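A quick write-up on the structure given underneath.
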Amino acid sequence: MTARPDIAVVGAGPAGMAAAVAAAEAGAHVMVFDEQPGPGGQIYRAIETPGPAGDAVLGADYAAGRGLSRAFRDSGAEYLPGATVWQVSPDREVGVSVDGRARIIKAGAVIVAGGALERPFPIPGWTLPGVMTAGAAQIALKASGLAAADAVFAGTGPLLYLIVDQYLKAGVPVRAVLETTPWSAYLGALPRLPGALLRAGKLRQGLGYIRAIRDAGVPVIRGVSGLAVAGDGRAERVAYTHGGHRHEIAAEHVFVHQGVVPNVNLTRSIGCRHDWDPAQACWRVATDAWGATDVAGIFAAGDGAHVGGAEAARLGGQLAALGALCTIGRIDAAVRNNRGAPIQHALAWELRPRPFLDALYRPAAADRVPAGDDVVVCRCEEVTAGEVRATAALGCLGPNQLKSFCRAGMGPCQGRLCALTVTELLAEATGRPPDAVGDFRRRPPVKPLRLAELAALEPDDTDGGDAGP
Amino acid sequence: MFTEIATDPGAPTVTIVFEGREIATRAGATVAAALLAAGELHFRDTPVGAERRGPYCLMGVCFDCLVEIDGEPNRQACMATVRDGMRVERQRGAAGIGP
Ligand SMILES: Cc1cc2nc3c(=O)[nH]c(=O)nc-3n(C[C@H](O)[C@@H](O)[C@H](O)COP(=O)(O)OP(=O)(O)OC[C@H]3O[C@@H](n4cnc5c(N)ncnc54)[C@H](O)[C@@H]3O)c2cc1C
Ligand code: FES
């Protein structure tokens, strides 16, 4: 490993790759860490190692990532695949493990571009083997060419349709799509339609998926509520309410999805300020126009900062690179502003349809905060909605207090799969806004760190600025 | 069950052992992909309710795919790559993240 980098980038998705290209172009020494075996992030996963599911299955938006990954490879940025970042300190020390060896690397600035994760979908039976996220189904398809025939897809959001469409293009039969978009969402989205219509192409793409799914003969059942999966030790059937009646479909594989939300664990653990985003019903790290957080030298970009999609992530990565270059003194503010202006313009354009999409695909309250007391909220510690409510009734006001009462959020996922539910549950139970309820504190390591790795840890092995081991 | 959408007979394979069962899989696959392709959905048992769990996210965030690999517990099957002769067991104890 080489000298202390000017800029460290966590994540090699569209945001991280674009940030690295822009920073390296300006002559900075850039190091990029990503735990995946290759670049691409979520949207362009396995872009360099096409499996059986090629571009014909994954589509043009996927194939478009090849240009960026090539530019990234050619950029001169130092890229470490298979590199898991388990800590970033407020003074920009990056704790990372590669090949079973942990090290700490100090950077002039750090750009966190760790991406989003799928919003928790706490329904009865969501912990049964066979229930996975639609994104998981897509990961299996992209990275391993694996697919499960006759699955039921349930939920809402553009990604759900995209993934069903990819399944169908791969020739994999789909049993049904259970659409949970509440009717009220269509009304709520309507006033925001004019802004979105300026980007009609984007909207048409979504409608195209839905048409293709219907044309393939897959039942698309709209306005579904009360999803529940049941089975003996694994998913066997999924029940739902539609048109005032309960229905049931047999399914061994149920792929659920209700949008993506920023993965805030790393930025939280650094101590950056986060705010509740009422439109997307999630936490997001507070940044300025250049992605700078309130912790000096720490930047955030892409869907991990604010969900806006891959193109917005790419542009956000470029802006964060300019911000970081300015902070470390590589460019001055005038140059930053000058180069940044057209990117900011493009980003605003890219985000035009967002308010409409956010309103339309905002999951129903009942799918975010389970009505049933026996629904598991914290998968790791097996804590139910009822236990959280009971704890609130005892006077527990916030997520961190909740931990000591019932262990919710204390498992290995560190709240990734329950934090949003817990915040909204406590908000509902205590009659306070989510911002006042707050979020779990997250502490490093934010990723598993093995004993052998810790034992071999050499503190800041790039100190002194010369070649490392 | 998860199956390959196209088979490539020439692709190199490795063999891992899951709960005593030999599973042939693609070199470079994740442990989770190998087990899923072999029809396994049950990766661990929860410590409190003794419930069966399996992979949920396949991207390293849910920790429901935890298995024991070559004697080491708390390994995320979706993040670990197969190696010839690797021994994988269901995780039955408490789940954890750090040492
Ligand atoms: C499962 C899933 C599938 C998706 N599929 C699509 C799709 O097909 N089409 C689409 O338009 N959008 C998709 N999205 C939405 C996605 O958020 C894209 O908009 C886009 O990938 C965002 O780019 P990004 O660079 O911000 O983050 P990402 O592309 O998510 O990239 C983040 C990268 O950071 C790495 N990383 C995160 N934390 C760490 C860490 N601690 N240490 C090391 N590396 C780390 C990850 O491995 C990842 O490669 C998907 C989202 C998810 C969650
Ligand atoms: S399946 Fe979620 S962490 Fe592995």
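At a probe of 1.4 Å, how much accessible area disappears from chains B and A on forming the pair, both sides counted, to the nearest 100 Å²?
Using a 1.4 Å probe on protein heavy atoms, the buried area is about 3700 Å².
Tell me, what is the percent relative contact order of chain A, built from C-alpha pairs under 8 Å that lie six or more residues apart?
21 percent
Once the Cβ-Cβ distance between B:A50 and A:Q205 is put in as r, and R0 is 45 Å, what FRET efficiency do you end up with, to the nearest 0.05?
0.50
Report the FRET efficiency, 1/(1 + (r/R0)^6), for A:D288 and B:T15, where r is their Cβ-Cβ distance and R0 is 41 Å, rounded to 0.05.
My answer for the efficiency is 0.20.
Using alpha carbons only, how many degrees (0 to 90, rounded to 10) separate the axis of helix A:65-74 from the longest principal axis of chain A?
Around 20 degrees separate the two axes.
Keeping every protein chain present and rolling a 1.4 Å probe, give me the accessible area per residue for chain A in Å².
I get 37 Å² per residue for this part.
Stokes-Einstein diffusion coefficient for the range A:327-438 at 20 °C in a medium of 1.002 mPa s, Rh from the Kirkwood formula over Cα pairs: what value in µm²/s?
128 µm²/s
Per-residue ellipticity at 222 nm for chain A, helices alone: DSSP H runs ≥ 4 residues times -39500 (n - 2.57), over residue total, nearest 500 deg cm²/dmol?
-10500 deg cm²/dmol
Of all beta bridges DSSP finds with both residues in chain A, what is the antiparallel percent, to the nearest 5?
Around 50 percent of the beta bridges assigned by DSSP in chain A are antiparallel ones.
Subtracting the Cα-Cα distance from 0.36 nm times the residue separation, let me have the gained length for A:L454 to A:Y186 in nm, one decimal.
Roughly 91.4 nm would be gained on extension.
Would you mind getting the accessible area per residue of the range B:13-90, heavy atoms of the protein chains only, 1.4 Å probe, in Å²?
On a per-residue basis, 36 Å².
Rounded if a/c is under 1.5, else prolate if a/b is larger than b/c, else oblate: which is the range A:120-258, with a ≥ b ≥ c the root eigenvalues of its Cα gyration tensor?
oblate
Using alpha-carbon pairs under 8 Å, 6+ residues apart, how would you state the relative contact order of the range A:111-261 in percent?
That works out to 38 percent.
With a/c under 1.5 counting as rounded, go ahead and sort the protein assembly as shown into rounded, prolate or oblate using the C-alpha gyration tensor (a ≥ b ≥ c being the square roots of the eigenvalues; past the cut-off, prolate if a/b is larger than b/c, else oblate).
Here the protein assembly as shown falls in the rounded category.
Within a Cβ distance under 13 Å of A:D215, other residues only, what is the Lys/Arg minus Asp/Glu net charge?
Charge balance near A:D215 sits at +2.
Under a straight-distance cross-link criterion of Cα-Cα below 26 Å, which lysines are reachable from A:K447, leaving out those fewer than 8 residues away in the same chain?
Cα-Cα hits under 26 Å: A:K106, A:K142, A:K403.
Starting from the Cα of A:K169, draw a straight line to each of the aspartates and glutamates and keep only those under 13 Å, dropping any in the same chain fewer than 8 residues away.
A:D55, A:D215
Calculate the dipole size of chain A relative to its Cα centre from +1 charges on Lys and Arg beta carbons and -1 charges on Asp and Glu beta carbons; express the result in debye to the nearest 20.
820 debye
With a/c under 1.5 counting as rounded, go ahead and sort the range A:227-384 into rounded, prolate or oblate using the C-alpha gyration tensor (a ≥ b ≥ c being the square roots of the eigenvalues; past the cut-off, prolate if a/b is larger than b/c, else oblate).
It comes out prolate by the Cα gyration axes.
Report relative contact order for the range A:369-437 in percent, whole number only (criteria: Cα-Cα under 8 Å, sequence separation at least 6).
33 percent
Going by alpha carbons, how many degrees (0 to 90, nearest 10) lie between the helix axis of A:158-169 and the longest principal axis of chain A?
So the helix axis and the longest Cα principal axis differ by about 80 degrees.
Could you tell me what percent of the accessible area of the range A:338-460 is made up of carbon and sulfur, with a 1.4 Å probe and every protein chain present?
After summing per-atom areas, the C and S share lands at 58 percent.
Which net charge results when you count Lys and Arg as +1 and Asp and Glu as -1 among the other residues whose beta-carbon is under 10 Å from that of A:T180?
That works out to -1.
Could you please put A:D150, A:D358, B:D8 in sequence from largest to smallest accessible area, using a 1.4 Å probe?
Most to least solvent-accessible, the answer reads B:D8, A:D150, A:D358.
On average, how many beta carbons from a partner chain sit within 10 Å of the beta carbon of a residue in A:122-135?
The shielding value for this peptide is 4.
Given a 1.4 Å probe, show me the residues in the range B:35-62 buried by at least 20 Å² of accessible surface when comparing the whole protein assembly to the chain alone.
So the qualifying set is B:L41, B:V48, B:E51, B:R52, B:R53, B:P55, B:Y56, B:C57, B:L58, B:M59, B:V61, B:C62.
Using only the Cα atoms of the range B:13-90, each taken as one equal point scatterer with no solvent, compute I(q) by the Debye sum, divide by I(0), and report log10 of the ratio at q = 0.13, 0.21 Å⁻¹.
Result of the Debye calculation: -0.32, -0.85.
Given 0.36 nm per residue, what is the gain on full extension from A:I328 to A:D55 after removing their alpha carbon distance, in nm?
94.3 nm
With every protein chain left in place and a probe of 1.4 Å, what is the accessible surface of A:W349, to the nearest 10 Å²?
Surface open to solvent at A:W349 totals about 120 Å².
Ignore the peptide's own chain and count Cβ atoms of other chains within 10 Å of each Cβ in A:413-422; give me the average, rounded.
For peptide A:413-422, the averaged partner shielding equals 2.
According to a simple spin-label model (label point 7 Å from Cα along Cα-to-Cβ), what is the distance in nm between B:A24 and A:D232?
So the label points at A:D232 and B:A24 sit 3.3 nm apart.
Which value, in Å² rounded to 10, gives the accessible area of A:K403 with a 1.4 Å probe and all protein chains present?
40 Å²
Looking at chain B as a GNM with Cα springs under 10 Å, which of B:A32, B:A24, B:A77 has the largest mean-square fluctuation?
Of B:A32, B:A24, B:A77, the most mobile in the Gaussian network model is B:A24.
Stretch A:R66-A:V98 to full length: gain in nm at 0.36 nm per residue minus the Cα-Cα span?
Extending this stretch completely gives an extra 9.0 nm.
Explain nothing, just the number: dipole magnitude of the range A:49-119 about its Cα centre with +1 on each Lys and Arg Cβ and -1 on each Asp and Glu Cβ, in debye rounded to the nearest 20.
Computed about the Cα centre, the dipole is about 140 debye.
For chain A, give me every cysteine whose Cβ has no other Cys Cβ within less than 4.7 Å, ordered by residue number.
When partners are defined as cysteine Cβ atoms under 4.7 Å apart, chain A leaves A:C272, A:C282, A:C326, A:C380, A:C396, A:C406, A:C413 without one.
Heavy atoms of the protein only, probe of 1.4 Å, neighbouring chains included. What is the accessible area of A:I210 in Å², nearest 10?
Approximately 20 Å² of A:I210 is accessible to the 1.4 Å probe.
So how do A:K202, A:K106 rank on accessible area, 1.4 Å probe, biggest first, that is with the largest at the start?
From most exposed to least exposed: A:K202, A:K106.
Which of the listed residues, A:A296, B:T7, A:P50, is farthest toward the dipole's positive end in the protein assembly as shown, when Lys, Arg count +1 and Asp, Glu count -1 at the beta-carbon?
Going by the Cα projections, it comes out as A:A296.
When the Karplus curve 6.51 cos²θ - 1.76 cosθ + 1.60 is applied with θ = phi - 60°, which whole-Hz ³J(HN,Hα) does each residue of the range A:413-425 get, with x for Gly and Pro?
Rounded to whole hertz, the list is 6, 6, x, 4, 9, 9, 4, 5, 4, 4, 4, 6, 4.
Under a 1.4 angstrom probe, counting protein chains only, how are A:T84, B:T3 ranked by accessible area, largest first?
Largest accessible area first, the residues go B:T3, A:T84.
Please report the carbon-and-sulfur percent of the accessible area for the range A:120-258; probe 1.4 Å, protein heavy atoms only, DNA, RNA and ligands left out.
58 percent
Work from the charge dipole of the protein assembly as shown (Cβ charges, +1 for Lys and Arg, -1 for Asp and Glu, about the Cα centre) and give the residue of A:A348, A:G308, A:A148 farthest towards its positive end.
My answer, from the dipole projection, is A:A348.
Working from Cα positions, state the angle (0 to 90°, nearest 10) between the long axis of helix A:14-25 and the longest principal axis of chain A.
Computed tilt is about 10 degrees.
The values are calculated or read from the model by the stated rules, or taken from the named source; none is laboratory data. Not measured: the values here are computed from a predicted model. No Cβ is skipped: glycine too gets one built from the backbone with ideal geometry, and neighbour counts run over all protein chains shown. Just so you know, the surface numbers come from the protein's heavy atoms only, side chains and all, with ligands and any DNA or RNA stripped out. Shrake-Rupley method; radii C 1.70, N 1.55, O 1.52, S 1.80 Å.
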